[in-house]
Structures are given as C-alpha cells and as structure tokens.
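The values are calculated or read from the model by the stated rules, or taken from the named source; none is laboratory data. Because the structure is a prediction, the values reported are computed rather than measured. Cβ sites come from the backbone with ideal geometry, for glycine too, and all protein chains shown count toward neighbours.
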Amino acid sequence: MRVPFVCRLDGPARVSILAVSSFIISFSPPATAATLTVCATGCAYSDFQQALNDSQPGDTILLRAGETFTGNFVLPAKSGSNTTPILIRSDAPDSALPAAGIRLVPPGYAGSNVALNRLARLKGRGGAYRTTPVLKTAKAAHNYRLQFLDIDGVAQDGWGTIVEWGNNSDAQTTLDVVPYGIVLDRVYVHGHAMKGQKRCIALNGASLDVLNSFVTACAAVEIDAQAIAGFNGPGPFKISNNYLEGSTENILFGGADPKIPNLVPSDIQITRNFFTKPVSWRNPVLVPPSAPAVTAIAGGGSLSAARHYFNVVAVMKTEGDEAVSARSAEASVLVGTSGSKVTLTWSAVPGADFYRVYRGTTAGGENRYMQSAPGTASIVYTATGETAGTPPTQGKRWNVKNLLELKNARRVLVDGNVFEHSWAASQKGYAILLTPRNQGGNAPWSVVRDVTLSNNVIRQVAGGIDILGTDYEYPSQRTTSILIRNNLVYDVSSTWGSEHFLLMTGAPLGVTVDHNTIHQEKLIVLADGDPIPSFVLTNNIAPHNQYGIFGSGAGFGNNALAAYFPNATIRCASADLDHFLAGPAEEEFVSVIFRALRAAERLAPVLDRIETWDSDQTLMPGVDVRLAPGHTPGSSVVVLSDGSEQAMLLGDIVHCPLELMDDDFNLLADHDQELANKVREAYARELERGDIPAAAAHFPGLQFGRLLPSEGTRRWSFGS
C-alpha cells in the first residue's frame, strides 16, 4: 500500500511540501496463479468479461494484440487475503512495446514508439450503451494492473466516461466501497476523433495510478470535458509521465460535490506530464460546407415563383449537444413556377452527421431551414415542413478553460510538468486554477491547500496561475499554503489572451512565489478582494512592464502594496534609493511634466520596509545580479547561467539595440553619461562574441537577441 506523509514547513507562508513515500506489501503469487488467454479463436477465452470474472489475484490475462474486444467491461471485486494484482495486458512481446518507465506514444505523434497492432483494443458497444464506460469497476474492486491497451471511445460518440474507477453517485457514499490499488500503465485512451469525449479517465477511489500513458481527444463543445478527473475518491493518486489532452480541464479534482461526506481528494502526485491542447482547437470544430450549388425543378414542392437564397450549415451530434459550422457561401436560384422545389449539393464536411439548409427570399435573409438525410451532402428542398431559424455566423468551438484545476484537493505535488496552450475562450485562459468550490452547495468542507507547484514549464498561455481564497457562491474552506517555486513561465501573451502571471482573489493564505523565471506581457501580480498579508514574492525574474504589481481599486506601486500586501518588504540597490530620495534635478522635471510626486513622497509610506544591497549578488544558483551604474547609480544586470551557457537581462542600461551597436549613440540622458557609456561598451564587448543572448526592458516585445560582429561593426539580431 502507499503511505503518504507531509513534511517540512518552509518560510513565513508555512507552505507544506508534499512528499510521498511508497512501499509495496507484496505476496508471492500462489502456485495456482494462472495465465488466461483471450482472443477471437484458439484461446482459453473468447469473452474478456468472462476471463475477468474467472481470474484470481496474481493471475495474468493476456489479450491478443491487434484484436478488438467489444463490450462494456467491469473489473470485479475479488475476495480473500491475496493482494497480488491481476495483470491485464496485450500478449505482444515486451521487445515490441515501450519499456518500463517510458511513455507509450501511438502512431501519428512525434516520437511514436508502438504500433497499434501491438496493443489489444477495447471498444464499447455504443448505441444504448454509449453512456456506459468501456471499463469500470465494481464496488470495492481492487488490485489490478492494466498495460499495453488501446482503450477506444469511438463508440461512445462523446458521451460519458471511457475509463471509470469508482463513481460519484448514491452507490458510493462510504469509503468501504471505493475501488483501490489500480494502475493504468502504458495505455492509449482516446475519445472519438471528431466527436471528442466528455471524460477519458475518472479517478474516484484510493491508490489509483495513471502512468506513462497517452490520453487524447477528451473534448466537448458545451459541457466540461477532462482527460482525467476525480470527485469522490480519497486518494492517494499518482499521475506521472503522461501525455494529456482535455478541452476544458486536462486534469480536474473537485468540481462536483462528493457523495462521501467530508471527502477531500488527497495526496496527489502530478509529475512529469505533458499538458496540452491542440492549437487546432482554437478553430471551429466543423468547417463550413463549400461549393453549394442549387438547381430549380418545376413542381413537386411549395416554393413560390421568386429568387430564393440558400446557406448550408454542417451539424455534428456529440454528448447530447451539437457542434455546428458557420454558414456556407450563399447560393441562389430563380424559381419560375410556384409549387416548385430545388436540389442543392455541396462538398461534404468531415465529421458532419447531417446538414441544415437555410432559405430566404432576400440576399442574406435566410430565416428557415430543412435538414438533410444523415450522411448525405445534398437535399431536395421542397419548403414543406420548414423550421424557423437563422444560420450561425460562427462555428461552434470546443469548450476550453484551463490546463489544471483544483477545486477540492489537499497535499498536492505538481512537479516537472509541461503546461502549454491555454487561451481565452470559456474562461480567461489561465494555465492553472486553484479555486476551492463547494460546487453544488452541499460540500462546505471543500478546500484547496498544501499545494506545491515546482520545476514546471508554463508556456503559450493567456495567464499563468489563478488563486481564489474561498468560493463566492457557497461556503468553502480557505485556500492555504501554496508554494510556487522554480518554474519557468514564458509567452504569457496577447497571442493567447490578455491576462497576467498571477491573479489572487479573496485573500488566499500562505502563498509563496519564489525563484521563478517569468516572461509575461502584462502584470506580474494582480490582487483583488481582501488584503493578502502572508504573500511572499522573492527571488523571481520577471519584467515589470507598465505596472508590475497591481491592486484592484488601489492602483499600482505603493498603493497596491498598502492595500493588498501590508507586510511587503521592498529590496533595491542602495545607490538608487539614495539617489532618488535625494531628489535629483531630473526628478523636478518629471514632477512638473507628469504631475508626479517626488520619489521621497512616493516612498514615504513604505520607506521603513525597504531593504537595500550595494554589491554584486548571487540570488540563487545560476542567477547573479551585477551592478552596472551609469544610467542610474544603482542600475543592474541579471546574468542567468547553466554550466557554460549564459543569458543576460540588461535592465535599463540600454534602451535600444543601437546603443550596443554604436558606442557613440546615446538614446536618452543618463545620470552619469561617461560612466553609462563605459558600462555599455563593456557589455557590448562581452556580448559581441555572439554566444550570449540578451534582452532589455525596453527592447521591442522584450525579445532576446544576440550582438554579432559584422565587417568591423556590430549588428543586433532578434530571436537568434
């Protein structure tokens, strides 16, 4: 069994860091352990469910590689004291399959390492069974390990869950009936290629693992869809080294009130996974039909003698909803005789189940429709039995919200993952949401606490992390002890939306943001609601941009600190602090032109909380600050290093690459012109070797580039 524990309190925020220790109480398989073979012909079993029913702890069920096993299968509970797992796997040789610890990658994806005919395929019966999982557990089912399976949701037509361990129904209201000890390892779980899937894997049990697997096409257009979700299981859970696609949330814990009273999913490890949403999901699910053509036929219908105008819209049914395309180009025809009909044809749209053909008697005035027969790209339009309605101008898109959301979870480690592609759609596009939700009003114990986000890459997203203190619709517990450390966050940009690195609302407790490298277009921190006195923001690298830290209703700078972060400590170079407090002549100019308070007045409310430094410093291994005076007395450069490789953040010592290309070019006045020129020249000489990328606060788009020698001069190359 897996035994979780929480260790170490770190810093003033009292952040609990989750560590999970595992040990296995193993039993030697009994002498009667059997291998049960399953295939269409020539094996001990042709019925996979019968093999499941007959198997005993320690047995191995071998499913014939390349064959499809159709049904809605149930892992039964086994009695007795033997806890040796039942192994269910393809019978392909290990040499043809990914090794232990290696993620299975199916054909069609970069790094593919297995052929589908080496996996055993499980598929649901569809039709009336499309809401029934392909694989699920009986009450208290336990100790199974599933490997090398292709678990295909094609017959589900987007409905329900493909793999369901436990449930959140009235059948599971006590801990004694939850499933436990089940491992999915190196499996391929995927929804319908066009219709998607409401949920690919549901974890509502204890000691449930998803390892080294590939989970795709978990998407819906109206309802929420996830690759992995858990609502009504106590944990622990281990989700490691998987590829995960989910339209709404790739992973979600909470979001539905658990049927087991006071249950909080706990002791969750989410490590080394690749979270993504295909960029194609930004487009409508269906493309518009093309090349509509219409021909009038005298008689046989109800059309009047007039010119009639038509649009065609593709429709796909999925999970009880509809994905519709935008309308096609308009086609028209002159009908010469009343009581006529027309025929329309168009190019078929991949994924469409049928089409709606809209009609009007003026250009752009289509306001009624008829539907084509399923699977056809043509219609005889008689105008008999039309339905009122206008064609959509935009196609329906997948329901996209975020990459990871915790609504009810505690003791969670999120480490070493890649999070990419979250854009403004059904939500603002933050990558990670920590938002306690008493979703239906029946679970006031819901909480998000003791969460560590470490060593992750977050990229190509509208916003970084969104933290909510408490649910604002129903009572919940307060978010507590969140550690965000040693993450790389970049391309938080308008390409994906218009948000910030960190949004905090409703006064979460004990949030620490430490040793992160961040590149965002807008704010570092946006605070809203009540003050956040226990917030710690230390040793991070991020562009200040226009406002840096902003408080709703308070503004930026000292006003934001006073309103939301009353215990803030501010650090800066002592030379800069002395310089601006002394009130230099150029500050008089700023005060007159911009009606700004002098620095001394602006800093007065926080002066007692300013700490200074006056020499080069190492902030952390690989991150050093060098004093580079001249532009201001305390101007500084940050040097990032990894072994022999370096990059530089030049701050304000240059405002334009020309200042590095030409020693005589000065764009703006400096406090000490001669010293500033010497500093710029020194850095230009260091950079002109071309092996150190650099960026500066005022460079376009905050892009990195390189200074390169060019025929006795220097040239700047962005992005090289």
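Numbers at a glance
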{"quantity": "Residue ranges of strands (runs of 3 or more DSSP E) in the range 622-676 with at least 1 members among the β-branched types (Val, Ile, Thr) and within 35 Å of the chain's Cα centre (by Cα)", "calculated": "623-627, 636-642"}
{"quantity": "Condition met for VAL679 (under 30 Å from THR538 (Cβ atoms) and in a strand (DSSP E or B))", "calculated": "no"}
{"quantity": "Positions within the range 317-337 being of a type in the set (D, E, K, R), surrounded by fewer than 20 Cβ atoms within 10 Å (Cβ to Cβ) and either at pLDDT below 95 or in a loop (DSSP other than H, G, I, E, B) (or both), in sequence order", "calculated": "ASP321, GLU330"}
{"quantity": "Residues satisfying the stated conditions in the range 402-434, i.e. surrounded by fewer than 23 Cβ atoms within 10 Å (Cβ to Cβ) and farther than 15 Å from ASN456 by Cβ", "calculated": "TRP423, ALA424, ALA425, SER426, GLN427, LYS428"}
{"quantity": "Within the range 368-413, strands (runs of 3 or more DSSP E) holding 2 or more residues that are among the aromatic types (Phe, Trp, Tyr) and under 30 Å from ALA229 (Cα atoms)", "calculated": "none"}
{"quantity": "Hey, PRO566 in contact (Cβ under 8 Å) with a residue 12 or more places away in the chain, more than 17 Å from PHE501 (Cα to Cα) and out of contact with any helix residue (DSSP H, G or I) (no Cβ under 7 Å at 6 or more places or on another chain) or not", "calculated": "yes"}
{"quantity": "Listing of strands (runs of 3 or more DSSP E) fully contained in the range 133-174 that carry 1 or more residues being among the polar types (S, T, N, Q), under 27 Å from the mean Cα position of the chain (by Cα) and at pLDDT 95 or above", "calculated": "142-147, 161-165"}
{"quantity": "Lone unmet requirement of (1) among the aromatic types (Phe, Trp, Tyr); (2) free of Cβ contacts under 8 Å to residues at least 60 places away in the same chain; (3) not in a strand (DSSP E or B) for TRP496", "calculated": "(2)"}
{"quantity": "Given (1) surrounded by 18 or more Cβ atoms within 10 Å (Cβ to Cβ); (2) not in a loop (DSSP other than H, G, I, E, B), index of the condition ALA352 fails", "calculated": "(2)"}
{"quantity": "Residues (assigned to a strand (DSSP E or B), closer than 18 Å to GLY364 by Cβ and not β-branched (Val, Ile, Thr)) located in the range 279-316", "calculated": "ALA306, ARG307, HIS308, TYR309, PHE310, ASN311"}
{"quantity": "Restricting the range 501-527 to residues that are without any contact (Cβ under 8 Å) to a residue 60 or more places away in the chain, under 12 Å from ILE467 (Cβ atoms) and not in a strand (DSSP E or B), the residue that is nearest to the chain's Cα centre (by Cα)", "calculated": "PHE501"}
{"quantity": "Residues of the range 528-557 satisfying the condition of being farther than 27 Å from MET620 by Cα and either touching a Gly at 6+ places or on another chain (Cβ under 8 Å) or in a strand (DSSP E or B) (or both)", "calculated": "ASP528, GLY529, ASP530, GLY551, SER552, GLY555, PHE556"}
{"quantity": "Residues satisfying the stated conditions in the range 369-398, i.e. surrounded by fewer than 21 Cβ atoms within 10 Å (Cβ to Cβ) and either among the β-branched types (Val, Ile, Thr) or under 19 Å from the mean Cα position of the chain (by Cα) (or both)", "calculated": "THR376, VAL380, THR382, THR384, THR387, THR390, THR393, ARG397"}
{"quantity": "Given (1) assigned to a strand (DSSP E or B); (2) in contact with a Phe, Trp or Tyr (Cβ under 9 Å, 6 or more places away or on another chain); (3) surrounded by fewer than 23 Cβ atoms within 10 Å (Cβ to Cβ), index of the condition ILE182 fails", "calculated": "(3)"}
{"quantity": "Residue that is surrounded by 15 or more Cβ atoms within 10 Å (Cβ to Cβ), touching a Cys at 6+ places or on another chain (Cβ under 8 Å) and farther than 18 Å from TYR180 by Cα, where the choices are GLY153, GLY126", "calculated": "GLY153"}
{"quantity": "Matching strands (runs of 3 or more DSSP E) fully within the range 12-107 where at least 3 residues are surrounded by 14 or more Cβ atoms within 10 Å (Cβ to Cβ) and modelled with pLDDT under 90", "calculated": "15-22"}
{"quantity": "Filter pass, PRO533 being surrounded by fewer than 20 Cβ atoms within 10 Å (Cβ to Cβ) and over 23 Å from LEU640 (Cα atoms)", "calculated": "yes"}
{"quantity": "Residue count, the range 338-348 (criterion: surrounded by fewer than 23 Cβ atoms within 10 Å (Cβ to Cβ) and within 15 Å of ALA291 (Cβ to Cβ))", "calculated": "4"}
{"quantity": "So ASN567, is it in contact with an Asp or Glu (Cβ under 8 Å, 6 or more places away or on another chain) and at pLDDT 80 or above", "calculated": "no"}
{"quantity": "Matching entry among ILE482, ILE465 (being out of contact with any Phe, Trp or Tyr (no Cβ under 7 Å at 6 or more places or on another chain) and either over 20 Å from LEU526 (Cα atoms) or buried (at least 19 other Cβ atoms within 10 Å of the Cβ) (or both))", "calculated": "ILE482"}
